[in-house]
Amino acid sequence: MSGRERHLDARSPGSRAKEIKHASPVECTGFKEEKQKKKRTKTQEPQKPNHAEKLAVQKTPKEKATKHLTKESNEEQHMPTESTKAKSCSSTARSQKKPPRNPLKTQLELETAIMPETPKELKASQANTKPKASGKAEFQTEETNDEECADKTMEKMPKAKADLDNSVLKSILGNLKIKVKDRADSSKVVNSFKKNLVKYLKKDTISFSEVEEPLCTGSYYENLKISHPDEFDIMLPMPVERVTIEPFGANGAFYTVALKRSSNPLMRFQKNDILPASKILEEFRENVKTFAKGFTEWTMTPKRKGCPAVTLTSQVGSVTISLDVVLCLRVKSSWPSFTKDGLKIEQWLGSKVKQEHKLKPYYLVPKYEGRGNVENDGVQAKDAWRVSFSHIEKDIIKKHGSQKTCCEKRGANCCRKGCLKLLKYLLHLLKESDSTFDKFCSYHAKTTFLHACCSKTKDTDWGESDLSQCFNRLLQDFEKHLRCGELFNFFIPSQNLLSGIGKKLCTQLADAIKEQRENGFPIFREILLIHNEC
DNA sequence: AGGAGCTAATAGAG
DNA sequence: CTCTATTAGCTCCT
């Protein structure tokens, strides 16, 4: 899927020296300045009852949301949220989005449109919090602090701001809900294609006859899709037993793969003890193309360089939905050694859960980094494979609670998913408003989120009513990663997902996020405002 | 392989 | 708000 396959990978091996330098703590100076600026505020509110929040929320614009969003996503088809992705976080040119509106004006309009209620709310919430908030400003001390950019300078929010943000954020989350009908329409079309494609590959192809049940990955299947069910990602696993993998490049994310002699139909691709990803992907693409000819409602989209997915689109009502089909190898043996220090979920989900995950297979997708013709030990980059743990990501996000009952019928709800959705959406909007942010992708958001879950491990760290505090904290995490240019792959800590992106660009994004955070998310408010007008 | 029963997300009624 | 219905996707069972 999406983010995953499209995230920026580390640069070419040659730039490694740089990366190491990058990684040194000295480089992480970003926060020093921030520290000075830090606002004096109170500690994060521990689990407050809901009344204040309720007050705020009732007043916010609700309905009608969909209209605008729908239209918006239509306009963007060529740049599907995560899918543009394909080019993925690569810097390929894409349709120019409307320039950002004048922020000042917008802010003003918003002030008048949304604020009328606020004095009341403020009073109410202040009254509510009086007893608790009375203490002097202090900063929460964090227990676990193994983070890359070890520096804990969280800005805590005044309760009043938190309440305001809460109402905006909740409204936005309301708008991002997927309509039942949209979901039904899309899934009908996608599921039928999926089923028949697998049937076809099994019956009518030689190389892919052993393909197994598709893995549904990506936002939609993680219930993280924002605003529209218009992007679907499936991985079609080819079981391979007994493979030899060799790291390709230094970061441990890419490998060359060789089948040990076996009857696997992919064996016929193997040359010089290398299973060439590009050749296999090419043939796979041809097969899908042939199949799709009989499925006239689906259109193939052109091959994109370095993208592991074969993408098809289909018009469902007024929406174009896209389906990414990714062929992958399923390897049922222990994970590559580069994953040894990854997946640090012991504190969060428990070591038993971790062990269970590590017993699962891992996947290899035909995705390379940088230019396809770069050679490494005589192998071209385009013939390398990248490891994928989409299935684990999906499972973790589904069972995200430290307590088993988190978000279940009889358990307390948390705001983890809400926070992640908001982060993805914010990134999406920022990218849309400024095309220099092209290189960032939703996988950066997801990875930031997973790391955040590992340092804030308790369900009570993500209380449902603390949405704005939690989201703010998550944003600050993201800013830190950006400012020090380090965001490590959650499974492969040696891969820095930001290493291919210029430091200046990272800082710019961090600044943009900070601005949103400090000003009550004007970019979200604008959306709500437009909604309200419809 | 296919069905029963479960869950999460959404939507609507009271 | 709570309660209930609906649906897609998932899991487990035979």
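The values are calculated or read from the model by the stated rules, or taken from the named source; none is laboratory data. Computed from a prediction, not measured in an experiment: that's the story for all the values here. Cβ atoms come from the backbone with ideal geometry, glycine included; neighbour counts cover every protein chain shown.
Can you confirm whether A:Ala412 is within 16 Å of DNA strand B (Cβ to nearest atom), hydrophobic (A, V, I, L, M, F, W, C), over 18 Å from A:Asn223 (Cα atoms) and assigned by TED's automatic domain parsing to the domain that holds A:Asn489? The answer is yes for A:Ala412. Listed by first and then second residue, the pairs with beta-carbon distance under 7 Å, at least 6 apart or on different chains, first residue in the range A:317-335 and in the same structural domain as A:Pro247 (by TED's automatic domain parsing), second of a type in the set (Gly, Ala, Ser) and not in a strand (DSSP E or B), are A:Ile321/A:Ser186; A:Ser322/A:Ser83; A:Asp324/A:Ser2; A:Asp324/A:Ser83.
For the range A:349-403, which residues satisfy the criterion of being touching a strand residue (DSSP E or B) at 6+ places or on another chain (Cβ under 8 Å), over 17 Å from A:Trp335 (Cβ atoms) and within 15 Å of DNA strand C (Cβ to nearest atom)? A:His400, the sole residue that qualifies. Within the set A:Phe471, A:Phe478, A:Phe449, the sole residue that is without any contact (Cβ under 8 Å) to a residue 40 or more places away in the chain, part of a helix (DSSP H, G or I) and surrounded by 20 or more Cβ atoms within 10 Å (Cβ to Cβ) turns out to be A:Phe449. Would a scan of the range A:319-340 turn up a residue that is surrounded by fewer than 16 Cβ atoms within 10 Å (Cβ to Cβ) and under 24 Å from the mean Cα position of the chain (by Cα)? Yes.
Residues of the range A:522-534 that are of a type outside the set (Lys, Arg), part of a helix (DSSP H, G or I) and in contact with a helix residue (DSSP H, G or I) (Cβ under 8 Å, 6 or more places away or on another chain): A:Pro522, A:Ile523, A:Phe524, A:Glu526, A:Ile527, A:Leu528, A:Leu529, A:Ile530, A:His531, A:Asn532.
Residue by residue, here is whether (1) on the phi < 0 side of the Ramachandran plot; (2) touching an Asp or Glu at 6+ places or on another chain (Cβ under 7 Å); (3) within 16 Å of DNA strand C (Cβ to nearest atom) holds:
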| position | (1), (2), (3) |
| --- | --- |
| A:Leu176 | yes, no, no |
| A:Lys179 | yes, no, yes |
| A:Asp185 | yes, no, yes |
| A:Ile206 | yes, no, no |
| A:Leu224 | yes, no, yes |
| A:Arg242 | no, no, no |
| A:Val257 | yes, no, no |
| A:Gln270 | yes, no, no |
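Taken over the range A:409-428, the criterion of being surrounded by fewer than 22 Cβ atoms within 10 Å (Cβ to Cβ) and part of a helix (DSSP H, G or I) is satisfied by A:Lys417, A:Gly418.
In the range A:194-223, of all residues being within 19 Å of A:Glu286 (Cα to Cα) and in contact with a Ser or Thr (Cβ under 8 Å, 6 or more places away or on another chain), the one that is surrounded by the most Cβ atoms within 10 Å (Cβ to Cβ) corresponds to A:Leu201.
Examine the range A:170-188 for a residue that is of a type in the set (A, V, I, L, M, F, W, C) and touching a Gly at 6+ places or on another chain (Cβ under 6 Å), and state whether such a residue exists. Yes; the residues of the range A:170-188 include at least one that is of a type in the set (A, V, I, L, M, F, W, C) and touching a Gly at 6+ places or on another chain (Cβ under 6 Å).
Table: residues versus (1) touching a helix residue (DSSP H, G or I) at 6+ places or on another chain (Cβ under 8 Å); (2) buried (at least 24 other Cβ atoms within 10 Å of the Cβ); (3) acidic (Asp, Glu); (4) over 30 Å from A:Pro361 (Cα atoms).
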site: A:Leu482; (1), (2), (3), (4): yes, yes, no, yes
site: A:Leu487; (1), (2), (3), (4): yes, yes, no, no
site: A:Leu505; (1), (2), (3), (4): yes, no, no, yes
site: A:Lys514; (1), (2), (3), (4): yes, no, no, yes
site: A:Arg517; (1), (2), (3), (4): yes, no, no, yes
site: A:Gly520; (1), (2), (3), (4): yes, no, no, yes
